[in-house]
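Peer 1: Have a look at this one before I ask anything.
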Amino acid sequence: MSPVATEVKTLNEAAARAFEEGGVSVFIGYGRSSDDEPAVPVFLRKADEADKLVFDGTCFSNLAVYLAKPEIKAMGKVGLVVKGCDRRAVNVLLREHVVERDNLFLIGVRCAGVGDPQLGKCGQCDVHDPPDCDVVVDDAVDSPSGDASETYAAAAEIESMSLEDRWDFWKGHMEKCIRCYACRQACPMCYCKRCIVDKTEPEWVESSATIRGNLAWNVARALHLTGRCVGCGECERVCPMGVPLGTINQKIGKLVEQWYEYKAGYSPDEDGPFSTWTPEDPEIGIL
Amino acid sequence: MSNNSETATTTQTQTGDSAWTPRIVAFLCNWCSYAGADLAGMSRNAYPASIKIIRVPCSGRVDPMFVLKSFERGADMVLVSGCHPGDCHYTSGNYHARRKLMVFRELMEFLGIDSRRFKMSWVSAAEGAKWSSVVRDITAEATELGPYESFPSFATWEDSV
């Protein structure tokens, strides 16, 4: 791994380097299935397949989700195309020892933001130049315009509602949830071989799609992502019912930053907020 | 047994009184708070019987989902009580509990769940009097808040136990 990332002009060049210099067995990037569909993940096994690669404003998926899959781990060294948000997710996986840095060849893309209209998260991006990559592709030189101080804006809007209005808001969304678990599948940090909802004897989280069960699921997932969620927003984007569940993770991210001065994914080896403590941690109303 | 509504109310007779009393579920750490509650009992320092105590080895054992599940099962209020910070029998369990449960408390508020219905306390094994006082105070508050009817709990307390 070189200390300073090599700049390349095209993804083709990046893939060539990944296979020849990086020694990867599989290269995971974005490709196109058809012109009117968003980009899809592609898995290259050799450098001459690199003409399948694309990078554009439809490259939504967080490809770090594949790093924990046993099928990918069995293949050996992995080349991975990462936007800034995805690169942060890789840092969380590194910290949790799901992957080793030596087993990755990271292709950072200076993404100008995805989506049309551009997704909310892009406006607050502070990892436009993905750190600590092996190769950086300069496909897009414009930074997304926006304000990092707006990172928690969506959560703040809900906080400004009254308690009763907030309950009505979330009750309405919990009624819609169908427990498809797309949120879980899209999230790179949801890699547990057996998720808490899969345990049935005894049942830890109600599996039925009732308001009660859906609330429990969303709370459990958000709590298990405390200090781990990097705010890539994929969970909310893939929800077929339009539940704004990303704001729940955003609220917890805000608390973790305010109380424990921690933001996930900026370091591959800093301990998370639930692994650590201080004698002076904030407490509210403890009798 | 119950007077007018079908769901989520039951009467508890205490000296012949048939007014509604709250159901408070309490998770007490074995080494400090449970011992403190035991001391209250031995000292004949009375506290309301509306509290249902569940003993855990340490407040750090308490998963925030225990609190949510208690509300699912019809609790009107949940208390988690442990050793004072610095005095945990397992050194740092209560520090972990504090982080997890304070985050959970804010999350509850964010979702529209009244955080006044979730209490935490530090009660040591010598603080029998404090235990009684805490239970009396939170029972009074729970009585004032009333039954937790807006939470999507199982239909009746009896259905869920």
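The values are calculated or read from the model by the stated rules, or taken from the named source; none is laboratory data. Predicted model, so just to flag it, every value in this text is computed and none were measured. Neighbour counts run over all protein chains shown; Cβ positions are idealised from the backbone, glycine included. Note: accessible area is taken over every heavy atom of the protein model, side chains too, but ligands, DNA and RNA are not part of it. Shrake-Rupley method; radii C 1.70, N 1.55, O 1.52, S 1.80 Å.
Peer 1: Give the residue from A:GLY231, B:TRP131, B:MET120 lying farthest towards the positive end of the charge dipole for the protein assembly as shown; charges sit on Cβ (+1 for Lys and Arg, -1 for Asp and Glu) and the dipole is referred to the Cα centre.
Peer 2: Working it through, the farthest residue towards the positive pole turns out to be B:TRP131.
Peer 1: Here's a follow-up. What's the average, rounded to a whole number, of partner chain beta-carbon atoms within 10 Å of each residue's beta-carbon in B:110-119? Display every interim value, and only then the final one.
Peer 2: Working: counts 15, 15, 12, 6, 3, 3, 2, 0, 1, 3.
Per residue, the number of nearby Cβ atoms from other chains is 6 on average.
Peer 1: How many percent of the alpha carbon pairs in the stretch A:224-267 exceed a separation of 13 Å?
Peer 2: For the stretch A:224-267, the share of Cα pairs beyond 13 Å comes to 52 percent.
Peer 1: Per-residue counts of other Cβ atoms within 10 Å, averaged by peptide: what ranking do you get for A:232-240, A:126-134, A:206-214, highest first? Can you show the working numbers first?
Peer 2: Values: A:232-240: 21.2, A:126-134: 19.0, A:206-214: 17.0.
Packing proxy ranking, top to bottom: A:232-240, A:126-134, A:206-214.
Peer 1: Next up: To the nearest 20 Debye, how big is the dipole of the protein assembly as shown about its Cα centre, given +1 on the beta carbon of each Lys and Arg and -1 on that of each Asp and Glu? Don't skip to the answer; put the middle values down first.
Peer 2: On the way: 47 positive and 63 negative charges, 288 e Å.
For the protein assembly as shown, the charge dipole is close to 1380 debye.
Peer 1: What is the average number of partner chain Cβ atoms found within 10 Å of a Cβ in B:94-101? Please list the in-between numbers first.
Peer 2: Working: counts 1, 5, 5, 1, 7, 14, 4, 2.
Across the residues of B:94-101, the mean count of other-chain Cβ atoms within 10 Å is 5.
Peer 1: Per-residue ellipticity at 222 nm for chain A, helices alone: DSSP H runs ≥ 4 residues times -39500 (n - 2.57), over residue total, nearest 500 deg cm²/dmol? It would help to have the intermediate numbers written out before the result.
Peer 2: Numbers: 10 runs with 90 residues, N = 287.
When only DSSP H runs of four or more count, the value is -9000 deg cm²/dmol.
Peer 1: Excluding A:ASP134 itself, calculate the net charge of residues whose Cβ lies under 13 Å from the Cβ of A:ASP134, where each Lys or Arg counts +1 and each Asp or Glu counts -1.
Peer 2: It works out to a net charge of -2.
Peer 1: May I pose another question? For the protein assembly as shown, how big is the tail of P(r) above 39 Å, as a whole percent of Cα pairs? Intermediate results must be reported in sequence, preceding the final value.
Peer 2: Values: 30338 of 100128 pairs.
It works out to 30 percent of all Cα pairs.
Peer 1: Got a sec to turn the phi values of the stretch A:274-280 into Karplus ³J(HN,Hα) couplings, 6.51 cos²θ - 1.76 cosθ + 1.60 with θ = phi - 60°, whole Hz, x for Gly and Pro?
Peer 2: 8, 9, 10, 6, 9, x, 9
Peer 1: Label A:ARG179 and A:ASP271 with points 7 Å out from Cα along Cα→Cβ: what is the distance between them in nm?
Peer 2: Rounded to a tenth, the inter-label distance reads 3.7 nm.
Peer 1: Taking every residue in A:246-256, how many Cβ atoms of other protein chains lie within 10 Å of its Cβ, on average? Write down the numbers at each step before the final one.
Peer 2: Values: counts 0, 1, 3, 0, 1, 6, 5, 0, 2, 6, 2.
Neighbouring Cβ atoms belonging to other protein chains average 2 per residue here.
Peer 1: Largest first, how would A:HIS173, A:HIS224, B:HIS84, A:HIS97 line up by accessible area (1.4 Å probe)? Don't jump to the answer; show the numbers that get you there.
Peer 2: On the way: A:HIS173 25, A:HIS224 90, B:HIS84 50, A:HIS97 135 Å².
Result of the area sort, largest leading: A:HIS97, A:HIS224, B:HIS84, A:HIS173.
Peer 1: Compute the distance in nm between two label points, each set 7 Å from the Cα along the Cα-to-Cβ direction, one at A:GLU20 and one at B:ASP114.
Peer 2: Between A:GLU20 and B:ASP114, the label points sit 7.0 nm apart.
Peer 1: Rounded to the nearest 0.05, what FRET efficiency do A:CYS192 and B:SER43 have when you use their Cβ-Cβ distance and R0 = 35 Å?
Peer 2: Details: r = 47 Å, r/R0 = 1.33.
Efficiency computed from Cβ-Cβ geometry: 0.15.
Peer 1: On a 1.4 Å probe surface of the protein chains, which of B:PHE118, A:PHE19 comes out largest in accessible area, and what is the full order? Walk me through the intermediate numbers first.
Peer 2: On the way: B:PHE118 10, A:PHE19 35 Å².
From most accessible down to least: A:PHE19, B:PHE118.
Peer 1: At A:ASP129 and A:HIS97, where each label point lies 7 Å from the Cα along Cα→Cβ, what is the point-to-point distance in nanometres?
Peer 2: Calculated label separation equals 3.4 nm.
Peer 1: Based on alpha-carbon positions alone, could you give the equivalent ellipsoid semi-axes of the stretch B:19-161 from the gyration tensor, as √(5λ), descending, whole Å? Could you put the intermediate results ahead of the total?
Peer 2: Working: eigenvalues 110, 72, 30 Å².
Semi-axes (√(5λ), whole Å): 23, 19, 12.
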